[in-house]
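A.B. asks: Here you go, one structure.
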Amino acid sequence: MTYCLAIKVQTGLVLAADSRTSAGVDNISTYPKMHLFARPGQAVIVLLSSGNLATTQSVVRQLNREAKNGEGDDSIFGMDSLETVADHVGQISRAIQQSTGRSGMEASFIVGGQVAGETPEILMVYPEGNHIRPSPESPFFQIGEIKYGKPILDRIINEQTSLEDCARCALVSLDSTMKSNLTVGPPVDLLVYRRDALAVNPAEQLHLKADDAFFLELCAEWSAGLRRTFNTLPRMAWERAGPAS
């Protein structure tokens with residue numbers, strides 16, 4: 001299983017993903033689900049992937065070949081908008097799925113970033129190849145195991161949220177998912193992209209392993225804070241009334 005998310009706010013983007021691809025008593029493996037394509041001053045494109053691993057790996061390999069060898073319209077760096085990139089990712093994914101002639105090859109993607117001359121954007125690409133944009137009310141996307149990490153996003157994230165708060169929220173969302181589903185697990189990749197930078201600051205691109213001190217502190221404080229808040233909730237009517245006579 002997988003959990004990836006992307007957040008879009010006024011000042012930029014935050015993208016995050018786990019790395020676990022399979023899990024069981026004696027079978028745990030990892031593979032990166034965040035893939036960065038960047039040419040400073042020209043474009044920053046981040047791909048998050050979920051679904052059949054053979055399909056997602058094939059899509060990433062083709063994009064890497066195009067980025068390395070192509071300088072024109074056949075390269076993602078030659079495309080004039082992130083929407084065009086999302087269409088291209090969808091077309092590649094559909095072609096790979098159809099070439100196998102088998103079911104169960106579906107994959108979903110989030111494409112995020114910025115192309116010079118355009119505004120930062122996140123787009124979710126469905127297995128069918130089409131894509132959607134986020135709404136102003138819910139400026140984020142999730143793919144994979146989404147249900148456990150969604151409540152914190154719903155309560156905290158809006159278009160005015162700071163990138164730092166978005167980053168903390170993304171990590172808490174991942175932690176909540178990992179607590180409830182063992183098929184989602186570390187290492188965790190986190191990337192912060194600042195509007196119009198057209199480059200990624202290495203200090204704002206994190207690869208957090210299970211024993212990372214900052215990640216452990218963040219998760220522990222979140223759990224402790226939840227317990228403290230729970231203990232302050234209003235008492236039931238029969239508790240306030242005191243012992244029955």
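The values are calculated or read from the model by the stated rules, or taken from the named source; none is laboratory data. Bear in mind the structure is a predicted one, so any value in this text is a computation, not a measurement. Neighbour counts are summed over all protein chains in view; Cβ atoms, including those assigned to glycine, are modelled from backbone coordinates with ideal geometry. Ligands, DNA and RNA are stripped out before the accessible areas are found, and what is left, the full protein with its side chains, is counted by its heavy atoms. Shrake-Rupley method; radii C 1.70, N 1.55, O 1.52, S 1.80 Å.
A.B. asks: What relative contact order, as a whole-number percentage, does the range 107-189 give when Cα pairs under 8 Å and 6 or more residues apart are counted? Don't jump to the answer; show the numbers that get you there.
C.D. replies: On the way: 84 pairs, mean separation 17.0, N = 83.
This gives 21 percent for the range 107-189.
A.B. asks: Whenever you get a sec, line up LYS68, LYS150, LYS33 from highest to lowest accessible area (probe 1.4 Å, protein heavy atoms).
C.D. replies: Details: LYS68 165, LYS150 75, LYS33 10 Å².
Final ranking, largest accessible area leading: LYS68, LYS150, LYS33.
A.B. asks: Here's something else I'd like to know. How large a share of the accessible area of the chain, in percent, is made up of carbon and sulfur atoms when the probe is 1.4 Å and the other protein chains stay in place?
C.D. replies: On the way: 6640 of 12480 Å².
Exposed carbon and sulfur together represent 53 percent of the surface.
A.B. asks: If the reach is capped at under 28 angstrom between alpha carbons, list the lysines near LYS179, excluding any in the same chain fewer than eight residues apart.
C.D. replies: LYS8, LYS33, LYS147, LYS150, LYS209
A.B. asks: Here is a further query. How would you rank 108-120, 126-138, 176-188, 8-20, highest first, on the average number of other Cβ atoms within 10 Å across their residues?
C.D. replies: Numbers: 108-120: 21.4, 126-138: 13.4, 176-188: 19.4, 8-20: 23.4.
The packing order, highest mean first, is 8-20, 108-120, 176-188, 126-138.
A.B. asks: Please list 3J(HN,Hα) in residue order for the range 38-50, calculated via the Karplus relation 6.51 cos²θ - 1.76 cosθ + 1.60 where θ = phi - 60°; whole Hz, with x for glycine and proline.
C.D. replies: Whole-Hz 3J(HN,Hα) from phi for the range 38-50: 9, 10, x, x, 10, 6, 10, 10, 10, 10, 10, 10, 8.
A.B. asks: Separate question: Any chance you could check the Cα centroid distance between the range 74-133 and the range 159-177 for me, in angstrom?
C.D. replies: Comparing the Cα centres of the range 74-133 and the range 159-177, I get a distance of 24 Å.
A.B. asks: For the range 1-148, what is one quarter of the convex hull surface built on the Cα atoms, given in nm²? Mind dumping the intermediate values first?
C.D. replies: On the way: hull surface 38.8 nm².
Average of the hull's projected areas for the range 1-148 equals 9.7 nm².
A.B. asks: Nothing charged except the Cβ atoms of Lys and Arg (+1) and of Asp and Glu (-1): what's the magnitude of the dipole of the chain about its Cα centre? Round to the nearest 20 debye. Don't jump to the answer; show the numbers that get you there.
C.D. replies: On the way: 22 positive and 28 negative charges, 144 e Å.
Value, rounded to 20: 700 debye.
A.B. asks: Right, another one. What accessible area per residue, rounded to a whole number of Å², is obtained for the chain using a probe radius of 1.4 Å? Show your work: numbers first, answer last.
C.D. replies: Details: 12480 Å² over 245 residues.
Result: 51 Å² of accessible area for each residue.
A.B. asks: What does the C-alpha gyration tensor say about the overall shape of the range 80-169? Classify as rounded when a/c is under 1.5, otherwise prolate if a/b is larger than b/c, or oblate. Mind dumping the intermediate values first?
C.D. replies: On the way: a/c = 3.13, a/b = 1.48, b/c = 2.11.
Oblate is the answer for the range 80-169, as a/c is 1.5 or above yet b/c matches or exceeds a/b.
A.B. asks: Here's something else I'd like to know. Compare the Cα positions of SER93, GLY51, LEU82 along the charge dipole of the range 45-100 (+1 at Cβ of Lys, Arg; -1 at Cβ of Asp, Glu; about the Cα centre) and return the one farthest towards the positive end.
C.D. replies: Towards the positive end, the residue furthest out is GLY51.
A.B. asks: In percent, how large is the relative contact order of the chain, given Cα pairs closer than 8 Å and 6 or more residues apart?
C.D. replies: Details: 472 pairs, mean separation 64.7, N = 245.
After rounding, I find 26 percent.
A.B. asks: Could you work out the relative contact order of the range 114-240? I mean the mean sequence separation of Cα pairs under 8 Å and 6+ apart, divided by the number of residues, in percent.
C.D. replies: Details: 105 pairs, mean separation 24.4, N = 127.
Relative CO of the range 114-240 lands at 19 percent.
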